[in-house]
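The structure's right below; bear with me while I get my questions together.
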Amino acid sequence: MDAGHFSERSPQRTLTVRCCIVGGGPAGMMLGYLLGRAGIDTVVLEKHADFFRDFRGDTVHPSTLQVMDELGLIDGFLQLPHQQLQKMDGQFGGSSIRIADLSRLNAKYPFIAFMPQWDFLNFLREHGKRFASLKVMMNAEATDLIWSGDAVAGVKAETAEGPVEIRADLTVACDGRHSIVREKAALAVEEIGAPMDVLWFRAGKGKDESESVFARVEAGRMMVTFDRGDYWQCAYVIAKNQYDAVKARGLDALRSEIVRMAPVLQSGISDVKTWDDVKLLTVAINRLKRWTRPGLLCIGDAAHAMSPVGGVGVNLAVQDAVATANLLAAKLAGGCPRESGLDAVRKRREFPVRMTQAMQVMVQNNIISVALKAGDARLKPPLAARIINSVPWLQGITARFIGLGVRPEHVHSPQAG
């Protein structure tokens, strides 16, 4: 296929590329960067004008930091404002436990970097500009697929300049758990379920305020707090579909409950002035049974939505992108592989996805569900958590699962000269 170009065909323009990536999140931007680096003519479509959207995953784990190192980007990346976390502590009822200790990892970067996702995505976008073969189109929303027989031949999109057709040998859906591409391709989703939803909010943080507690679990409630330097990023866990009931009790009741659980938020909770400052995240765990059609591949949340448990979603998406480039970049130079070739990505990534989701379900069923249904009962940490807390080297095992994941990927895709 020819290099990317527009044809001035009224009233609709056409762009012809080797690969069209729908969605400029972690999976899409990382895959775009890797394919651009490999000299593959690629366009990334991002439906928003920028990446600035609050309450998105912003935990960059050691596996992703290793990828950035392998790309020669780590020094500049770690110069961006971020906080580092090594030890993950929790309070379960009245007991303090250590969940994981990333300092025990045999990894080059044994910590989690907390960084706004828009900084991560902008960083990839800026560094990707040096690749002539990569084009990132903002304000470009995919609306439908283009078909050639039973094969996907590209997408239709709306842009600020009007409609455009992107003709592509390969279309990759990276447009999240509500993927329009997945919907138009009629790919079946297997719902696994989650017993909770999450209320996200920010609370102000004084210069002298500091606390190492990561998660708080009590009878009937759970909350996670992230120290973001000048504010606390908070996730208040509620039972599934109970947002309206929480809202009916009033914002003052919610704020009081939050401060009771986390007294460190006493002064900063005033930042939560209205319900507009509280964002509902509807939690889902699901995965596609089939990740492909001829000419189409789904990765990231478009292929498998993850629970917030472990904060691994961003990193699973990046791992998918690295595996996709490793398996397909060289082949794309000669056109789109057959569907069996595209399915190699699923075969590579499905096991890590299933293992991670199984662990998330285990945590949901044995900790979160138990806590949310406990009523006034006094909770005790589960036996497994008590053992991990008392045997420090086990904290390295949990750290490995959270920080590196199952079968971490390394960059093997080609780099154009």
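The values are calculated or read from the model by the stated rules, or taken from the named source; none is laboratory data. Note that the coordinates shown come from a computational prediction; the quantities given were computed from them, not determined experimentally. Cβ sites come from the backbone with ideal geometry, for glycine too, and all protein chains shown count toward neighbours.
Which condition from (1) without any contact (Cβ under 8 Å) to a residue 60 or more places away in the chain; (2) buried (at least 17 other Cβ atoms within 10 Å of the Cβ) is the one that residue 357 breaks?
The failed condition is (1).
State whether one or more residues within the stretch 320-329 are within 27 Å of residue 195 (Cβ to Cβ) and in contact with a helix residue (DSSP H, G or I) (Cβ under 8 Å, 6 or more places away or on another chain).
Yes, because at least one residue in the stretch 320-329 is within 27 Å of residue 195 (Cβ to Cβ) and in contact with a helix residue (DSSP H, G or I) (Cβ under 8 Å, 6 or more places away or on another chain).
In addition: Residues of the stretch 158-172 being touching a residue at least 60 places away in the same chain (Cβ under 8 Å) and in a strand (DSSP E or B), which ones?
Within the stretch 158-172, 162, 163, 164, 165, 166, 167, 168, 169, 170, 171, 172 qualify.
Show the residue pairs that are 6+ apart or on different chains and have beta-carbon atoms under 6 Å apart, the first residue being within the stretch 66-93 and in contact (Cβ under 8 Å) with a residue 40 or more places away in the chain, the second being among the polar types (S, T, N, Q).
89/212
In addition: Determine whether the stretch 321-340 contains at least one residue that is more than 19 Å from the chain's Cα centre (by Cα), among the small types (Gly, Ala, Ser), farther than 27 Å from residue 62 by Cα and surrounded by 16 or more Cβ atoms within 10 Å (Cβ to Cβ).
no
Among the residues of the stretch 181-192, is any within 24 Å of residue 29 (Cα to Cα) and in a loop (DSSP other than H, G, I, E, B)?
Yes, the stretch 181-192 has at least one match.
Could you count how many residues in the stretch 198-217 are modelled with pLDDT under 90, in contact with a Lys or Arg (Cβ under 9 Å, 6 or more places away or on another chain) and not hydrophobic (A, V, I, L, M, F, W, C)?
Counting residues in the stretch 198-217 that are modelled with pLDDT under 90, in contact with a Lys or Arg (Cβ under 9 Å, 6 or more places away or on another chain) and not hydrophobic (A, V, I, L, M, F, W, C) gives 2.
Considering 312, 411, 345, 406, which residue is in contact with a His (Cβ under 8 Å, 6 or more places away or on another chain), on the phi < 0 side of the Ramachandran plot and touching a residue at least 24 places away in the same chain (Cβ under 8 Å)?
Of the residues listed, the single one that is in contact with a His (Cβ under 8 Å, 6 or more places away or on another chain), on the phi < 0 side of the Ramachandran plot and touching a residue at least 24 places away in the same chain (Cβ under 8 Å) is 312.
Continuing with this model, one more query. Going by the structure shown, is residue 95 at pLDDT 95 or above and among the small types (Gly, Ala, Ser)?
no
Right, here's the next one. Only one of these conditions is not met by residue 81: (1) crowded, with 19+ Cβ neighbours inside 10 Å; (2) in contact with a Gly (Cβ under 9 Å, 6 or more places away or on another chain). Which number is it?
Condition not satisfied by residue 81: (1).
Could you please find all residues in the stretch 270-296 being over 23 Å from residue 324 (Cβ atoms), surrounded by fewer than 19 Cβ atoms within 10 Å (Cβ to Cβ) and modelled with pLDDT of 90 or more?
Once the filter is applied, which keeps residues that are over 23 Å from residue 324 (Cβ atoms), surrounded by fewer than 19 Cβ atoms within 10 Å (Cβ to Cβ) and modelled with pLDDT of 90 or more, the stretch 270-296 yields 270, 271, 273, 274, 275, 276, 277, 279, 280.
To keep it simple, each residue is scored yes or no on (1) surrounded by 19 or more Cβ atoms within 10 Å (Cβ to Cβ); (2) at pLDDT 95 or above.
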| site | (1), (2) |
| --- | --- |
| 342 | yes, yes |
| 352 | yes, yes |
| 371 | yes, no |
| 376 | no, no |
| 384 | no, no |
| 389 | yes, no |
| 397 | no, no |
| 401 | no, no |
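Would it be correct to say that residue 194 is surrounded by fewer than 20 Cβ atoms within 10 Å (Cβ to Cβ), of a type in the set (A, V, I, L, M, F, W, C) and touching a residue at least 60 places away in the same chain (Cβ under 8 Å)?
no
Hey, another quick one. Just name the residue that is surrounded by the most Cβ atoms within 10 Å (Cβ to Cβ) out of those in the stretch 206-243 that are among the acidic types (Asp, Glu) and closer than 23 Å to residue 114 by Cβ.
The selected residue is 227.
Something else: Among what's in the stretch 45-73 and is buried (at least 24 other Cβ atoms within 10 Å of the Cβ) and over 19 Å from residue 316 (Cβ atoms), pick the residue that is farthest from the chain's Cα centre (by Cα).
Checked the stretch 45-73; the qualifying residue farthest from the chain's Cα centre (by Cα) is 45.
Run residue 65 past the list (1) at pLDDT 90 or above; (2) more than 27 Å from residue 389 (Cβ to Cβ); (3) out of contact with any strand residue (DSSP E or B) (no Cβ under 6 Å at 6 or more places or on another chain) and report the number of the one that doesn't hold.
Here residue 65 meets the rest and fails (2).
Now for a different question. Just a yes or no: is a residue in the stretch 26-45 modelled with pLDDT under 95 and in a loop (DSSP other than H, G, I, E, B)?
no
Before we move on, is residue 32 within 17 Å of the chain's Cα centre (by Cα), small (Gly, Ala, Ser) and farther than 18 Å from residue 311 by Cα?
Here the answer is yes, as residue 32 does meet what is asked.
Exactly one of these conditions fails for residue 135: (1) in a strand (DSSP E or B); (2) surrounded by fewer than 16 Cβ atoms within 10 Å (Cβ to Cβ); (3) more than 21 Å from the chain's Cα centre (by Cα); (4) not β-branched (Val, Ile, Thr). Give me its number.
Among (1) in a strand (DSSP E or B); (2) surrounded by fewer than 16 Cβ atoms within 10 Å (Cβ to Cβ); (3) more than 21 Å from the chain's Cα centre (by Cα); (4) not β-branched (Val, Ile, Thr), the lone unmet condition for residue 135 is (2).
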